[in-house]
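Read the structure below first, then the notes.
The values are calculated or read from the model by the stated rules, or taken from the named source; none is laboratory data. As the structure is a prediction and not an experimental result, all values here were calculated from the model. Backbone-built Cβ (ideal geometry, glycine too); neighbour counts: all protein chains shown. Side chains included, ligands, DNA and RNA excluded: accessible areas come from the protein's heavy atoms. Shrake-Rupley method; radii C 1.70, N 1.55, O 1.52, S 1.80 Å.
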Amino acid sequence: AQKVTQAQTEISVVEKEDVTLDCVYETRDTTYYLFWYKQPPSGELVFLIRRNSFDEQNEISGRYSWNFQKSTSSFNFTITASQVVDSAVYFCALSDPYSSASKIIFGSGTRLSIRP
Amino acid sequence: NAGVTQTPKFRVLKTGQSMTLLCAQDMNHEYMYWYRQDPGMGLRLIHYSVGEGTTAKGEVPDGYNVSRLKKQNFLLGLESAAPSQTSVYFCASSYYLGTVYEQYFGPGTRLTVT
(Lines give C-alpha, C1' and ligand atoms only; values in the text may rest on other atoms or scores of the structure.)
Protein backbone atom coordinates (compact mmCIF):
# COMPACT_ATOMS: atom_id res chain seq x y z
CA ALA A 1 0.00 0.00 0.00
CA GLN A 2 1.08 3.56 -0.59
CA LYS A 3 2.20 5.38 2.48
CA VAL A 4 4.05 8.56 3.44
CA THR A 5 5.77 8.79 6.80
CA GLN A 6 6.94 12.01 8.35
CA ALA A 7 8.36 10.77 11.60
CA GLN A 8 9.23 14.23 12.94
CA THR A 9 6.03 15.58 14.42
CA GLU A 10 7.55 18.85 15.58
CA ILE A 11 10.91 20.53 15.13
CA SER A 12 12.10 23.72 16.76
CA VAL A 13 15.32 25.49 15.80
CA VAL A 14 16.85 28.90 16.28
CA GLU A 15 16.81 31.29 13.37
CA LYS A 16 19.68 30.89 10.88
CA GLU A 17 20.14 27.21 11.69
CA ASP A 18 19.80 24.66 8.92
CA VAL A 19 16.99 22.15 9.33
CA THR A 20 16.04 18.97 7.47
CA LEU A 21 12.54 17.56 7.33
CA ASP A 22 12.41 13.83 6.67
CA CYS A 23 9.99 12.06 4.38
CA VAL A 24 9.93 8.31 3.77
CA TYR A 25 7.48 6.75 1.36
CA GLU A 26 6.25 3.32 0.34
CA THR A 27 4.97 2.47 -3.11
CA ARG A 28 4.89 -0.53 -5.40
CA ASP A 29 4.80 1.58 -8.50
CA THR A 30 7.88 2.34 -10.61
CA THR A 31 6.56 5.66 -11.82
CA TYR A 32 5.39 8.05 -9.17
CA TYR A 33 5.55 11.66 -8.08
CA LEU A 34 6.52 13.23 -4.81
CA PHE A 35 5.47 16.61 -3.50
CA TRP A 36 6.09 19.02 -0.67
CA TYR A 37 3.54 21.53 0.56
CA LYS A 38 3.83 24.29 3.15
CA GLN A 39 1.00 25.31 5.47
CA PRO A 40 1.84 28.57 7.25
CA PRO A 41 -0.08 29.71 10.35
CA SER A 42 -2.59 31.48 8.09
CA GLY A 43 -3.77 28.02 7.05
CA GLU A 44 -3.50 27.89 3.28
CA LEU A 45 -1.57 25.10 1.55
CA VAL A 46 1.25 26.24 -0.67
CA PHE A 47 2.79 23.97 -3.29
CA LEU A 48 6.59 23.83 -3.09
CA ILE A 49 7.86 21.10 -5.38
CA ARG A 50 6.88 18.13 -7.55
CA ARG A 51 9.46 15.45 -8.36
CA ASN A 52 9.24 12.58 -10.84
CA SER A 53 10.56 9.20 -9.67
CA PHE A 54 12.91 9.05 -12.66
CA ASP A 55 14.61 12.30 -11.76
CA GLU A 56 16.94 11.74 -8.84
CA GLN A 57 18.83 14.98 -9.14
CA ASN A 58 18.72 17.11 -6.06
CA GLU A 59 16.89 20.38 -6.45
CA ILE A 60 17.74 23.74 -4.97
CA SER A 61 15.52 26.80 -4.87
CA GLY A 62 17.03 29.62 -2.90
CA ARG A 63 17.32 28.46 0.72
CA TYR A 64 15.28 25.34 0.00
CA SER A 65 16.74 22.08 -1.24
CA TRP A 66 15.37 18.60 -1.74
CA ASN A 67 17.25 15.30 -1.60
CA PHE A 68 15.54 12.44 -3.42
CA GLN A 69 17.00 8.98 -2.83
CA LYS A 70 15.15 6.05 -4.36
CA SER A 71 17.45 3.56 -2.65
CA THR A 72 16.12 4.59 0.74
CA SER A 73 12.66 5.74 -0.45
CA SER A 74 13.24 9.17 0.97
CA PHE A 75 12.54 12.69 -0.21
CA ASN A 76 13.98 15.00 2.40
CA PHE A 77 13.62 18.76 2.53
CA THR A 78 16.30 21.08 3.87
CA ILE A 79 15.97 24.73 4.73
CA THR A 80 19.28 26.54 4.93
CA ALA A 81 19.69 29.57 7.19
CA SER A 82 16.15 29.27 8.48
CA GLN A 83 14.00 32.33 9.05
CA VAL A 84 10.99 32.97 11.25
CA VAL A 85 8.81 33.10 8.11
CA ASP A 86 9.67 29.44 7.52
CA SER A 87 7.59 28.50 10.55
CA ALA A 88 4.81 26.30 9.21
CA VAL A 89 3.56 22.76 8.92
CA TYR A 90 5.21 20.97 6.02
CA PHE A 91 3.57 18.06 4.25
CA CYS A 92 5.21 15.47 2.06
CA ALA A 93 2.93 13.69 -0.43
CA LEU A 94 3.02 10.80 -2.90
CA SER A 95 0.98 10.20 -6.04
CA ASP A 96 -1.48 7.33 -5.92
CA PRO A 97 -0.40 5.03 -8.77
CA TYR A 98 -3.76 3.30 -8.98
CA SER A 99 -5.63 6.50 -9.49
CA SER A 100 -6.65 7.98 -12.80
CA ALA A 101 -7.45 11.25 -11.08
CA SER A 102 -4.05 12.57 -10.03
CA LYS A 103 -4.81 11.68 -6.43
CA ILE A 104 -2.05 12.20 -3.92
CA ILE A 105 -1.52 10.77 -0.45
CA PHE A 106 -0.32 13.10 2.28
CA GLY A 107 1.92 12.45 5.23
CA SER A 108 0.82 13.65 8.64
CA GLY A 109 3.04 16.72 8.49
CA THR A 110 5.96 18.19 10.43
CA ARG A 111 5.41 21.35 12.41
CA LEU A 112 8.50 23.55 12.12
CA SER A 113 9.01 26.41 14.54
CA ILE A 114 11.81 28.89 13.98
CA ARG A 115 12.71 30.83 17.12
CA PRO A 116 14.17 34.33 16.73
CA ASN B 1 -6.79 34.87 -11.40
CA ALA B 2 -8.42 34.09 -8.08
CA GLY B 3 -7.21 30.46 -8.20
CA VAL B 4 -9.31 28.26 -5.92
CA THR B 5 -11.88 29.94 -3.71
CA GLN B 6 -14.08 28.46 -0.99
CA THR B 7 -17.19 29.75 0.72
CA PRO B 8 -17.88 30.10 3.55
CA LYS B 9 -14.63 30.52 5.48
CA PHE B 10 -16.17 29.63 8.83
CA ARG B 11 -19.37 27.93 9.86
CA VAL B 12 -20.91 26.61 13.06
CA LEU B 13 -23.65 23.99 12.77
CA LYS B 14 -25.76 22.16 15.24
CA THR B 15 -25.95 18.38 15.09
CA GLY B 16 -28.40 17.32 12.43
CA GLN B 17 -28.27 20.52 10.39
CA SER B 18 -27.25 20.50 6.75
CA MET B 19 -25.01 22.75 4.73
CA THR B 20 -23.19 23.04 1.43
CA LEU B 21 -19.62 24.16 0.92
CA LEU B 22 -18.84 25.76 -2.40
CA CYS B 23 -15.54 25.50 -4.22
CA ALA B 24 -14.77 27.44 -7.38
CA GLN B 25 -11.66 27.47 -9.58
CA ASP B 26 -10.81 29.69 -12.51
CA MET B 27 -7.83 27.71 -13.85
CA ASN B 28 -9.89 25.48 -16.16
CA HIS B 29 -8.72 22.40 -14.24
CA GLU B 30 -10.36 19.08 -15.00
CA TYR B 31 -9.84 17.52 -11.60
CA MET B 32 -11.23 18.75 -8.31
CA TYR B 33 -11.02 17.36 -4.77
CA TRP B 34 -12.42 17.79 -1.29
CA TYR B 35 -10.24 17.02 1.73
CA ARG B 36 -10.65 17.27 5.45
CA GLN B 37 -7.78 18.11 7.78
CA ASP B 38 -7.80 16.98 11.38
CA PRO B 39 -5.01 17.52 13.93
CA GLY B 40 -2.13 15.10 13.46
CA MET B 41 -3.74 13.32 10.52
CA GLY B 42 -2.68 15.28 7.47
CA LEU B 43 -5.25 15.63 4.73
CA ARG B 44 -7.73 12.91 3.90
CA LEU B 45 -9.61 12.76 0.63
CA ILE B 46 -13.39 12.84 0.92
CA HIS B 47 -14.58 12.90 -2.70
CA TYR B 48 -13.13 13.90 -6.01
CA SER B 49 -14.18 14.62 -9.58
CA VAL B 50 -12.41 14.00 -12.87
CA GLY B 51 -14.73 16.22 -14.86
CA GLU B 52 -18.07 17.93 -15.11
CA GLY B 53 -20.89 15.63 -14.12
CA THR B 54 -18.63 12.97 -12.56
CA THR B 55 -17.78 12.31 -8.92
CA ALA B 56 -16.11 9.50 -7.00
CA LYS B 57 -15.51 8.49 -3.39
CA GLY B 58 -12.22 9.08 -1.65
CA GLU B 59 -10.85 7.73 1.60
CA VAL B 60 -13.49 9.11 4.00
CA PRO B 61 -16.75 9.68 2.03
CA ASP B 62 -19.34 8.70 4.65
CA GLY B 63 -21.67 11.50 5.65
CA TYR B 64 -20.83 13.68 2.64
CA ASN B 65 -22.19 14.13 -0.86
CA VAL B 66 -20.79 16.10 -3.77
CA SER B 67 -21.85 17.48 -7.10
CA ARG B 68 -20.04 18.95 -10.06
CA LEU B 69 -22.61 20.45 -12.36
CA LYS B 70 -20.17 22.95 -13.83
CA LYS B 71 -16.50 22.42 -14.55
CA GLN B 72 -15.43 25.30 -12.37
CA ASN B 73 -17.51 24.41 -9.31
CA PHE B 74 -17.41 21.51 -6.87
CA LEU B 75 -19.94 21.39 -4.04
CA LEU B 76 -19.61 19.43 -0.80
CA GLY B 77 -22.78 18.71 1.14
CA LEU B 78 -23.38 17.56 4.68
CA GLU B 79 -26.95 16.29 4.95
CA SER B 80 -27.04 15.73 8.71
CA ALA B 81 -23.99 17.16 10.44
CA ALA B 82 -22.33 15.26 13.28
CA PRO B 83 -19.70 16.44 15.78
CA SER B 84 -17.21 14.05 14.11
CA GLN B 85 -17.40 16.26 11.03
CA THR B 86 -15.84 19.17 12.89
CA SER B 87 -12.76 19.83 10.79
CA VAL B 88 -11.09 22.14 8.32
CA TYR B 89 -12.19 21.42 4.77
CA PHE B 90 -10.00 22.10 1.77
CA CYS B 91 -10.89 22.09 -1.86
CA ALA B 92 -8.21 21.56 -4.50
CA SER B 93 -7.95 21.37 -8.26
CA SER B 94 -5.44 19.96 -10.68
CA TYR B 95 -4.55 19.79 -14.35
CA TYR B 96 -5.07 16.71 -16.39
CA LEU B 97 -2.36 16.35 -19.05
CA GLY B 98 -1.80 12.60 -18.96
CA THR B 99 0.26 12.62 -15.80
CA VAL B 100 0.06 13.55 -12.13
CA TYR B 101 0.34 17.25 -11.43
CA GLU B 102 0.33 19.21 -8.25
CA GLN B 103 -2.93 20.24 -6.70
CA TYR B 104 -3.79 23.84 -5.96
CA PHE B 105 -5.70 24.44 -2.77
CA GLY B 106 -8.34 26.87 -1.61
CA PRO B 107 -8.02 28.75 1.69
CA GLY B 108 -10.11 26.25 3.65
CA THR B 109 -13.40 26.26 5.54
CA ARG B 110 -13.38 25.79 9.29
CA LEU B 111 -16.50 23.90 10.31
CA THR B 112 -17.60 23.30 13.88
CA VAL B 113 -20.51 20.99 14.66
CA THR B 114 -21.90 21.31 18.18
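What to note about this one:
- Förster radius 35 Å - calculated FRET efficiency between B:THR114 and A:THR72, Cβ distance, rounded to 0.05: 0.15
- Interface residues, the range A:36-64 - accessible area loss of 40 Å² or more versus chain alone, probe 1.4 Å: A:TYR37, A:LEU45, A:PHE47, A:ARG50
- Inter-chain Cβ neighbour count for B:43-53, averaged per residue, equals 3 (cutoff 10 Å, partner chain atoms only).
- Lysine pairs in chain A with Cα atoms under 20 Å, if 8 or more residues apart or on separate chains: 5
- For the chain pair A and B, buried accessible area totals roughly 1700 Å², probe 1.4 Å, rounded to the nearest 100.
- Chain A: equivalent-ellipsoid semi-axes (sqrt of 5 x gyration tensor eigenvalues, Cα, Å): 25, 15, 12
- Each part reduced to its alpha carbon centroid, the range B:5-67 and the range A:16-41 end up 24 Å apart.
- Rule-of-thumb Rg ratio for the protein assembly as shown [Cα; 2.2 N^0.38 Å; N residues]: 1.02
- Calculated from backbone phi, Karplus (6.51, -1.76, 1.60) coupling profile of the range A:13-27 in Hz, x at Gly/Pro: 9, 8, 3, 5, 6, 8, 9, 10, 9, 8, 9, 10, 10, 10, 7
- Using the 1.4 Å probe convention, the accessible area of chain B works out to 47 Å² per residue with neighbouring protein chains retained.
- Placing a pseudo-label 7 Å from each Cα along the Cα-to-Cβ vector at B:ALA82 and A:GLU17 gives an inter-label distance of 4.3 nm.
- Rounded percent of accessible protein surface that carbon and sulfur make up, the range B:24-114, 1.4 Å probe: 52 percent
- Partner shielding of A:105-112 amounts to 3, given as the average count of beta-carbon atoms from other chains within 10 Å of each residue beta-carbon.
- Summing charges over neighbours of A:TYR32, with a neighbour being any other residue whose Cβ is under 13 Å away from its Cβ, gives +1 when K and R count +1 and D and E count -1.
- For chain A: accessible area per residue (Å², 1.4 Å): 48 Å²
- Carbon and sulfur %, accessible surface of the range A:1-73 computed with the full protein complex present, 1.4 Å: 46 percent
- For B:HIS47, nonlocal amide neighbours, meaning residues 5 or more places apart or on other chains whose placed amide H falls under 5 Å from its own, are B:TRP34, B:GLY58.
- Enclosed volume per residue, in Å³, of the convex hull spanned by Cα atoms of chain B: 95 Å³
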